[in-house]
Amino acid sequence: MKVLDSIHRTLQRISLWAVWIAGLALLLSAVMVTVDVFCRKFFGITMSGSDEVSGYVFAASTTWAYSYCLLNRSNVRIDVLYNFLPLSARSILDVVGIALLLYYMSYLMRKAFNVFWTSWTGNSMSTTTLQTPLWIPQLMWFLGLALFVVTLSFVLLYTLVALVRRDNSLVRRVAGAMSAQEEIVQETHGLDVNTIKLSEQPGKTP
């Protein structure tokens, strides 16, 4: 299990870098669109293609965040009945859920690769003033999906090993739905830190 634990930590670091890169790309595209709007409003000129580029960035950056959401259990789960089941049953459902998601994402990744390869071999260009080679944003989209499939494959292996070892708590920590208390702690973590720091300063109240 030490090897699997090490791989899990490595994937967490990689997914964190990926989500930062995706966030930076979104920020830069937002700045570009903002500059375009101001230039159009006050100077009567436009940066042709800002909407096109921001669309490519949004499509690709979302896939680069998938692995981070999975490893931090931030993906949306419908858990109305889930929370009423015993831990062993929830562990089985978690593994089944990961397996089904892996099946679907593998199919989607193959289709994404086919789209990229068709654009690459056919030298396809966007029908816009930029004439963007479509393989570039499609490659970024495919790489995000590929990282997610690799992460899903590992999580499935990790949870299966934990399930065989009857380590249901590990399955829950890796792939289980977050409890309401865990979500509260996650959402208020920064607020709690700021409140503590503020309360420690003399003459100030949180």
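The values are calculated or read from the model by the stated rules, or taken from the named source; none is laboratory data. What you see is a predicted model; the values in this text were computed from it and never measured. No Cβ is skipped: glycine too gets one built from the backbone with ideal geometry, and neighbour counts run over all protein chains shown.
Tell me whether the stretch 101-111 contains one or more residues that are in contact (Cβ under 8 Å) with a residue 60 or more places away in the chain and more than 17 Å from the chain's Cα centre (by Cα). No; the residues of the stretch 101-111 include none that is in contact (Cβ under 8 Å) with a residue 60 or more places away in the chain and more than 17 Å from the chain's Cα centre (by Cα). Give 59, 146 a once-over and let me know the one that is on the phi < 0 side of the Ramachandran plot, exposed (fewer than 15 other Cβ atoms within 10 Å of the Cβ) and of a type in the set (Gly, Ala, Ser). Unique residue meeting the criteria: 59.
For the stretch 43-52, the condition holds for at least one residue, the condition being that it is of a type in the set (S, T, N, Q) and assigned to a helix (DSSP H, G or I). Scanning the stretch 42-54 for residues that are modelled with pLDDT of 85 or more and within 12 Å of residue 132 (Cα to Cα) turns up 52, 53.
Looking at the stretch 63-91 only, could you name the residues that are assigned to a helix (DSSP H, G or I) and surrounded by 14 or more Cβ atoms within 10 Å (Cβ to Cβ)? Please lay out each step first, then the result.
As a first pass, look at the stretch 63-91 and keep what is assigned to a helix (DSSP H, G or I): 63-64, 66-71, 82-84, 87-91.
Answer for the stretch 63-91, where residues must be assigned to a helix (DSSP H, G or I) and surrounded by 14 or more Cβ atoms within 10 Å (Cβ to Cβ): 63, 64, 66, 67, 68, 69, 70, 71, 82, 90, 91.
Within the stretch 128-144, residues that are under 10 Å from residue 112 (Cβ atoms) sit with their Cβ atoms under 7 Å from residues that are of a type outside the set (A, V, I, L, M) and crowded, with 20+ Cβ neighbours inside 10 Å, at 6+ positions apart or across chains, in these pairs: 138/116; 139/116; 141/63; 142/116; 144/63; 144/64; 144/66. Residues in the stretch 57-70: is at least one more than 11 Å from the chain's Cα centre (by Cα) and within 27 Å of residue 159 (Cα to Cα)? The answer is no, given that none of the residues of the stretch 57-70 is more than 11 Å from the chain's Cα centre (by Cα) and within 27 Å of residue 159 (Cα to Cα). Checking the structure you have, find out if any residue of the stretch 38-59 is within 30 Å of residue 163 (Cβ to Cβ) and among the basic types (Lys, Arg). No. Only one entry in 5, 36 is of a type in the set (D, E, K, R) and free of Cβ contacts under 8 Å to residues at least 12 places away in the same chain, namely 5.
Given the options 51, 36, name the one that is surrounded by fewer than 17 Cβ atoms within 10 Å (Cβ to Cβ) and among the acidic types (Asp, Glu).
Details: 36 fails: surrounded by fewer than 17 Cβ atoms within 10 Å (Cβ to Cβ).
Only one candidate qualifies: 51.
When residue 196 is tested against (1) of a type in the set (Val, Ile, Thr); (2) under 28 Å from residue 4 (Cα atoms); (3) at pLDDT below 95, just one condition goes unmet, and that condition is (2).
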